[in-house]
Amino acid sequence: RWGNWSISLVDALDTLYLFGMLDEYETAKRYVGTIDFRQSPLGHRVPVFEMTIRALGGLLGAYELDQDPILLKKAQEVGDILAQAFDTPTGIPWPTIDLNDISSKGDAEVCIAEAGSLQLEFAKLSQLTGNPKYGELADRANEALEAAEREHRGLYPMFINVETGKYRPLATYSAGAAADSFYEYMLKQYILQGGQEQKYKEQYITATEAIADNLVRKSQRGLSFIGRMGSAGVFYREMEHLTCFYPGLLALGANVTGRRQDLALAEELVRTCYLSYKYMASGLGPERFLFPEEDDSIMQKLPSYSEELGAIITDARYLLRPETLESIFLLYRVTGDRKYQDWGWSIFEAIERHTKVNGGYAAMVDVRKPDAANNLEDSMESFFLAETLKYLYLLFSPVDLIPLDKYVLNTEAHPLRVITT
Ligand code: DMJ
């Protein structure tokens with residue numbers, strides 16, 4: 001539950017449509033028509049990024065597929081609510097807003113994923129409503145992130161202050177949590193705008209090269225992974241499940257930009273993500289895993305060390321996240337290699353076997369102990385229906401269901417049609 005926004009239902013609308021579950025879709029859509037998104041419980045702060053990608057993205061994605069005006073009306077209602085977040089001295093949006101007291105300020109620091117991956121949804125809302133305001137707001141935020149002073153070309157510190165427009169000192173650089181979709185939207189904005197805006201392509205290529213040069217390493221077993229870079233040259237050799245979206249982005253980018261070297265790296269990285277599933281007793285991948293330096297024999301003796309993966313499992317949960325399947329799907333679409341379908345199927349079977357419960361699916365506490373008591377949490381995030389299941393379905397569907405030259409999937413897997421002039 002997030003406020004009164006029925007977010008699982010809104011996030012799942014276009015999944016129902018794509019799966020051909022049209023009776024359920026119509027019922028869900030009728031219900032969406034009754035939601036008053038302006039109502040929010042007292043004291044609740046609406047998370048701007050999450051509601052942009054899940055609610056606005058969900059409504060727009062469904063609208064793109066079935067063109068029912070009620071969905072666009074509701075999308076505009078949500079867009080108007082979220083637009084209030086951009087009222088800051090810098091144009092960088094507040095991370096949260098209180099609908100019952102819009103002047104109340106929350107945390108002034110926002111991560112780049114939250115501040116800088118709103119463009120697809122807002123640009124699409126502008127195109128569909130004919131009102132340029134939404135796209136302009138999101139663009140202005142991204143321009144502020146681009147203009148703020150930083151140390152590394154192509155890399156962006158993870159946090160920025162919405163009032164001063166300055167990045168947090170002693171920065172950390174990542175392609176995972178708090179940063180991920182910021183890099184994703186550079187490429188996807190370029191695609192959404194029909195390849196007309198060269199600046200997005202240039203930003204994407206500059207960032208891609210910086211990530212490859214600074215954040216990619218190999219493990220002692222020769223597995224490529226992406227870690228984080230701290231200040232003064234500190235490097236954290238930890239890969240996150242969230243970062244497993246990145247191989248898919250690289251593959252999509254290789255297709256769009258013609259950079260074949262990116263496809264080779266994408267294949268290496270997605271293999272690491274897949275093996276992080278394969279080598280766990282459940283067949284599901286952990287939230288975080290850390291590759292020790294070659295000569296670090298102490299780390300390799302820790303009980304949390306996985307001999308097969310050659311990594312310490314630093315967070316053993318599987319939260320029903322989509323990223324590995326997202327990359328497997330994109331690699332399959334780009335290469336046509338059937339092994340990706342085999343990988344996806346084995347993950348699907350593990351999800352079915354170990355996370356299915358009465359009435360839904362549940363996050364797993366420890367992917368190494370599928371049969372342990374109390375190994376499931378009472379939680380199913382809306383992205384399981386919006387993304388995880390959708391990517392699986394698309395992996396086994398004909399390519400003309402959401403062709404990637406006609407649609408961009410937002411970071412919550414909602415299909416937005418490429419804008420043609
Ligand atoms: C989703 O809401 C989106 O994919 C977001 O970009 C990252 N986190 C979750 C899924 O793990």
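Looking for whichever is within 22 Å of the chain's Cα centre (by Cα), part of a helix (DSSP H, G or I) and at negative phi here; the options are E349, E387. Which one fits? Explain how you work it out, then say what you get.
Working: E349 fails: within 22 Å of the chain's Cα centre (by Cα).
Of the residues listed, the single one that is within 22 Å of the chain's Cα centre (by Cα), part of a helix (DSSP H, G or I) and at negative phi is E387.
To keep it simple, each residue is scored yes or no on (1) in contact with a helix residue (DSSP H, G or I) (Cβ under 7 Å, 6 or more places away or on another chain); (2) free of Cβ contacts under 8 Å to residues at least 60 places away in the same chain; (3) surrounded by 16 or more Cβ atoms within 10 Å (Cβ to Cβ).
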position	(1), (2), (3)
V234	no, yes, no
R237	no, yes, yes
F245	yes, no, yes
G258	no, yes, no
V270	yes, no, yes
P286	yes, no, yes
L290	no, yes, yes
S297	no, yes, no
E308	no, yes, no
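Tally up the residues in region 205-248 that are closer than 16 Å to Y274 by Cβ and either within 22 Å of the chain's Cα centre (by Cα) or not assigned by TED's automatic domain parsing to the domain that holds A363 (or both), please.
In the first step, residues of region 205-248 are kept if they are closer than 16 Å to Y274 by Cβ; the result is 219, 221-226, 239-248.
Now drop any that are not either within 22 Å of the chain's Cα centre (by Cα) or not assigned by TED's automatic domain parsing to the domain that holds A363 (or both), which leaves 224-226, 239-248.
So the answer is 13.
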(request) Go through I81, I92 for me and flag whichever is assigned to a helix (DSSP H, G or I) and buried (at least 19 other Cβ atoms within 10 Å of the Cβ). (result) I81
(message) If R150 meets every condition in (1) without any contact (Cβ under 8 Å) to a residue 40 or more places away in the chain; (2) in a strand (DSSP E or B) apart from one, which number is that one?
(response) (2)
(request) From the list G336, G360, G310, pick out the single residue that is away from the ligand (no atom under 16 Å from the Cβ), closer than 24 Å to L252 by Cβ, among the small types (G, A, S) and modelled with pLDDT of 95 or more. (result) G336
(message) Given the criteria surrounded by fewer than 24 Cβ atoms within 10 Å (Cβ to Cβ), of a type in the set (A, V, I, L, M, F, W, C) and away from the ligand (no atom under 16 Å from the Cβ), does A178 qualify?
(response) no
(message) For region 109-130, give me the residue count where each residue is surrounded by 15 or more Cβ atoms within 10 Å (Cβ to Cβ) and either of a type in the set (F, W, Y) or in a loop (DSSP other than H, G, I, E, B) (or both).
(response) 3
(request) Give the number of residues within region 229-249 that are within 16 Å of the ligand (Cβ to nearest atom) and among the charged types (D, E, K, R). (result) 1
(request) State the number of residues belonging to region 77-100 that are charged (D, E, K, R) and either outside the structural domain of V48 (by TED's automatic domain parsing) or touching a helix residue (DSSP H, G or I) at 6+ places or on another chain (Cβ under 8 Å) (or both). (result) 0
(request) Considering each residue of region 290-332, count those that are under 20 Å from Y236 (Cβ atoms), assigned to a loop (DSSP other than H, G, I, E, B) and not charged (D, E, K, R), and give that number. (result) 9
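For region 1-72, give me every one of the helices (runs of 4 or more DSSP H) that falls completely inside it and has 1 or more residues that are free of Cβ contacts under 8 Å to residues at least 24 places away in the same chain, of a type outside the set (K, R) and not assigned by TED's automatic domain parsing to the domain that holds E381.
Values: elements: 7-18, 22-32, 48-51, 57-66.
The helices (runs of 4 or more DSSP H) meeting that bar are 7-18, 22-32.
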(message) Among (1) closer than 29 Å to R217 by Cβ; (2) within 16 Å of the ligand (Cβ to nearest atom); (3) among the acidic types (D, E), there is one condition E377 misses while meeting the rest; what is its number?
(response) (1)
(message) All but one of (1) in contact with an Asp or Glu (Cβ under 8 Å, 6 or more places away or on another chain); (2) modelled with pLDDT of 95 or more hold for G106; state the number of the condition that does not hold.
(response) (2)
(request) Would you point out the residue of region 30-60, among those that are surrounded by fewer than 21 Cβ atoms within 10 Å (Cβ to Cβ) and within 16 Å of the ligand (Cβ to nearest atom), that is nearest to S8 (Cα to Cα)? (result) E50
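Residues being closer than 18 Å to K124 by Cβ and either in contact (Cβ under 8 Å) with a residue 60 or more places away in the chain or aliphatic (A, V, I, L, M) (or both): count how many of those fall in region 391-420.
Of all residues in region 391-420, those closer than 18 Å to K124 by Cβ come to 402-420.
Checking which are either in contact (Cβ under 8 Å) with a residue 60 or more places away in the chain or aliphatic (A, V, I, L, M) (or both) leaves us with 402, 404, 407-420.
Result for region 391-420: 16.
Return the only residue of L302, L284, L252 being more than 16 Å from the ligand (Cβ to nearest atom) and among the hydrophobic types (A, V, I, L, M, F, W, C). Quick ask: steps written out before the conclusion?
On the way: L284 fails: more than 16 Å from the ligand (Cβ to nearest atom); L252 fails: more than 16 Å from the ligand (Cβ to nearest atom).
Among L302, L284, L252, only L302 is more than 16 Å from the ligand (Cβ to nearest atom) and among the hydrophobic types (A, V, I, L, M, F, W, C).
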(request) List every residue pair whose Cβ atoms lie under 6 Å apart, where the two residues are 6 or more positions apart in sequence or sit on different chains, the first residue falls within region 124-142 and is of a type in the set (D, E, K, R), and the second residue, located anywhere, is crowded, with 18+ Cβ neighbours inside 10 Å. (result) K124/L60; K124/L416; R140/G91
(message) So, in region 163-198, how many residues would count as being without any contact (Cβ under 8 Å) to a residue 60 or more places away in the chain and assigned to a helix (DSSP H, G or I)?
(response) 2
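The values are calculated or read from the model by the stated rules, or taken from the named source; none is laboratory data. Because the structure is a prediction, the values reported are computed rather than measured. Heads up, the Cβs are rebuilt from the backbone with ideal geometry, glycines too, and the neighbour counts pull from every protein chain shown.
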